[in-house]
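For reference, the structure is listed below as structure tokens.
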Amino acid sequence: MMLADIGCRGGRRPETGPGRARRVIVCHCRRITDRQIRKLVREGATSVGQVAGACGAATGCGGCATAVHEIVCEELDRPGVETVTSPLLAEAG
């Protein structure tokens with residue numbers, strides 16, 4: 001994390017630019033962002049294993065597995081988020 005990414009109270013800045021949330025790299029080994037993980041959940045992934053199978057996150061050093069799990073749970077708990085089963089996830093599952 002760069003120093004410029006830290007807000008006044010020590011947390012990350014929630015947005016950059018008009019209405020756009022900042023992309024956060026979650027898996028540095030595979031350069032997977034939180035947006036990519038959230039998209040996979042919206043396409044039907046419901047676990048770290050399914051996300052890992054689809055994009056490789058959490059398959060390198062494993063240091064991001066907890067963060068991937070938290071993002072999956074957050075996305076599944078978001079109101080109004082519908083998931084669909086992607087053919088790519090069906091193959092990875």
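Some points to look at:
- Tally of residues being open to solvent by 30 Å² or more (accessible area, probe 1.4 Å), within 20 Å of residue 77 (Cα to Cα) and touching a helix residue (DSSP H, G or I) at 6+ places or on another chain (Cβ under 8 Å) across region 47-62: 3
- Test for residue 44: is it in a loop (DSSP other than H, G, I, E, B), surrounded by 17 or more Cβ atoms within 10 Å (Cβ to Cβ) and at pLDDT 85 or above: yes
- Only one entry in 10, 17, 60 is outside any strand (DSSP E or B) and at pLDDT 95 or above, namely 60.
The values are calculated or read from the model by the stated rules, or taken from the named source; none is laboratory data. Nothing here was measured: the structure is a model prediction, and the numbers come from that model. Note that we place each Cβ from the backbone using ideal geometry, even for glycine, and neighbour counts take in every protein chain shown. When the accessible area is computed, the model is the full protein with side chains, heavy atoms only, and any ligands, DNA or RNA have been set aside. Shrake-Rupley method; radii C 1.70, N 1.55, O 1.52, S 1.80 Å.
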